[in-house]
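Report on one structure; see the data block that follows.
Read-outs: derived from the displayed coordinates by stated rules, not from any lab. Values in this document were obtained by computation on a predicted structure and should not be read as measured data. Here the Cβ positions follow ideal geometry from the backbone for every residue, glycine too, while neighbour counts run over all protein chains shown.
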Amino acid sequence: MLPQKIPSLSCSQGVGGVCVKAIVTGSGGLVGSACVRFLAEQGWQVIGLDNNMRQEFFGPQGSTSSEVVSLRHSLPTYRHHSFDIRDRQKMRDLLRAERPDFIIHTAAQPSHDKASAIPYDDFDINAVGTLNLLVAARDFCPESPICFTSTNKVYGDRPNTVPLRELETRFDYADGRDGIDESMSIDASLHSLFGASKVSADMLCQEFGRYYNMPTGIFRCGCLTGPHHAAVELHGYLAYIVLCAVRGRPYSVFGYHGKQVRDQIHCTDVASLFLEFYKSPRPGEVFNLGGGRANSLSILETVAALDDMGFQLKYEMLPQHRIGDHICYISDLSKVRAAYPSWEMQYDLPRLLSEMVAQYYSSEAAPAAKKRFRRRRQPAAGQLPRPLPEAL
Ligand SMILES: NC(=O)c1ccc[n+]([C@@H]2O[C@H](COP(=O)([O-])OP(=O)(O)OC[C@H]3O[C@@H](n4cnc5c(N)ncnc54)[C@H](O)[C@@H]3O)[C@@H](O)[C@H]2O)c1
């Protein structure tokens, strides 16, 4: 799809000499802010939408307002709106006025534990907020590609029915499969209310692709990570565990003896894939998206990797796992790689962990963390290399 010309826009650079404009919802969050920065660096005009609802969900430590301030200061062409995606009329007004070439929809209530405490807000934001965006897009910019960040939680706990084998530090698939592909049923399994509200949004995005032939891409994400994650216990597992290790805070492991596996993908790699989708969109297409097998890690392996980097995590093992929690989830990336062969992930696990440790360490004044870092040991052969963050 060729970028559409926006004559009213003052665009100093543009993409290939053409002004192109994107709207990113959830622009203060982990994925949203990465998408804003990535597109702005490529010459896009970016309009963000985020009302810092994350602070309401998770308290002050979950606030994304400083990230929005940073976007405003570092990107001169960035424009921000702070209304709620549940506000249907404002959403219509925004899309009518801007008619963006590209939409990335990341605003959400992102935690399945939190959803059961705030079921109305969870559904209104995740499902109805997505519907508000889709209908406005259908009416004002139906040809503009839309990327939606869905989640692997739409599969509910069905991935736990895949036969597993228990290894020393992790669970893995007993049938030798590389990961979970898109053919897994999303029906008749335990989802959590969060999973159910995301299924609704996922289905709506598919439907607007199929019924209206709109270029909607549905990306069912595994664990997304990056340095700008406002990590809290209920959302952002890797960032939160790194935060606890670096700052000496206690961490609780919920069930499965710490052998539960997740694949990790950096938010900038997500942003670069979304740009590939913009260039070559497909209506209503679903993709599983995560770090894949190479970027998969169990909690025990995460603890060991952090230990090798000099940060010993104080943790307790709780016998009870979280309701509906996956035992082993690794995304099968075959479909997304086949559709977008020029997309390449830039972040492997050592780079990912290094960046996070550097982020939390550099903003950590406590001498205890520095002492812990000085005590770091040499890793055993074959283990993750110890990073040397520049910030140290
Ligand atoms: N982070 C992960 O590991 C992960 C995994 C799978 C899927 N996802 C999905 O990716 C998306 C982004 O995740 P994230 O980690 O960047 O989340 P995040 O919480 O960091 O960012 C979401 C942003 O949306 C904003 N927001 C929430 N409700 C809003 C509303 N009603 N109106 C306007 N803004 C609102 C929040 O203030 C926040 O800044 C979500 O849809 C999430 O479900 C994330």
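Taking 0.36 nm per intervening residue step and subtracting the Cα-Cα distance, what contour gain separates V18 from D178 on full extension?
Extra length available between V18 and D178 comes to 53.5 nm.
Within straight cross-link reach of K335, meaning Cα distance under 13 Å, which aspartates and glutamates are found once same-chain residues fewer than 8 apart are removed?
Within the straight-line cut-off, K335 pairs with D178, D181, E182, E285.
Test of understanding: ordering E98, E56 by Cβ neighbours within 10 Å, fewest first, what list do you get?
Listing E98, E56 from fewest to most nearby Cβ atoms yields E56, E98.
Which value, in debye to the nearest 20, describes the size of the charge dipole of the chain about its Cα centre when Lys and Arg Cβ atoms bear +1, Asp and Glu Cβ atoms bear -1, and nothing else is charged? Walk me through the numbers before you get to the answer.
On the way: 42 positive and 42 negative charges, 178 e Å.
Dipole size: approximately 860 debye.
Calculate I(q)/I(0) for region 63-155 by the Debye formula, one identical point scatterer on each C-alpha and no solvent, and give its log10 at q = 0.13 Å⁻¹ to two decimals.
With one equal scatterer per Cα and no solvent, log10 I(q)/I(0) is -0.52.
Quick one: which residues, 5 or more positions from G29 or on another chain, have an amide H under 5 Å from its amide H? H modelled 1.01 Å from N in the peptide plane, none for Pro or chain starts.
Here the answer is none, since no amide H 5 or more places off falls under 5 Å of that of G29.
Scale the Cα Rg of region 212-319 by the rule-of-thumb value 2.2 N^0.38 Å and send over the ratio, two decimals.
So region 212-319 has a normalised radius of gyration of 1.27.
Between region 323-363 and region 113-182, how many Å separate their Cα centres?
16
Between P350, P159, P250, where does the largest GNM mean-square fluctuation fall for the chain, given springs only between Cα atoms within less than 10 Å?
Fluctuation is largest for P250.
Please report the Cα spread of the chain along all three principal axes, rounded to whole Å, starting with the longest.
Principal axes ranked by extent give 59, 46, 41 Å for the Cα atoms.
Compute the helix-to-body angle for 299-308: its Cα long axis versus the longest principal axis of the chain, expressed 0 to 90° and rounded to tens.
70
Which three lengths, in whole Å and largest first, does region 121-266 cover when its Cα atoms are put on their principal axes?
53, 39, 25
I need Y361, Y120 ordered by Cβ neighbour count within 10 Å, fewest first.
Neighbour counts put them in this order, fewest first: Y120, Y361.
Rounded to the nearest 500, what is the chain's calculated 222 nm mean residue ellipticity when only DSSP H runs of at least 4 contribute -39500 (n - 2.57) each, over all residues? Spell out each step's value before the answer.
Values: 14 runs with 143 residues, N = 392.
Helices in the chain give a 222 nm mean residue ellipticity of -11000 deg cm²/dmol.
So for the chain, taking the charge dipole from beta-carbon charges (+1 Lys/Arg, -1 Asp/Glu), which of G17, H191, V246 sits furthest toward the positive end?
Value: V246.
Between R165 and H321, what is 0.36 nm times their sequence separation minus the Cα-Cα distance? Round to one decimal in nm.
Length gained between R165 and H321: 54.4 nm.
Over the chain, what relative contact order in percent results from Cα pairs under 8 Å that are six or more residues apart?
Once divided by the residue count of the chain, the mean separation gives 17 percent.
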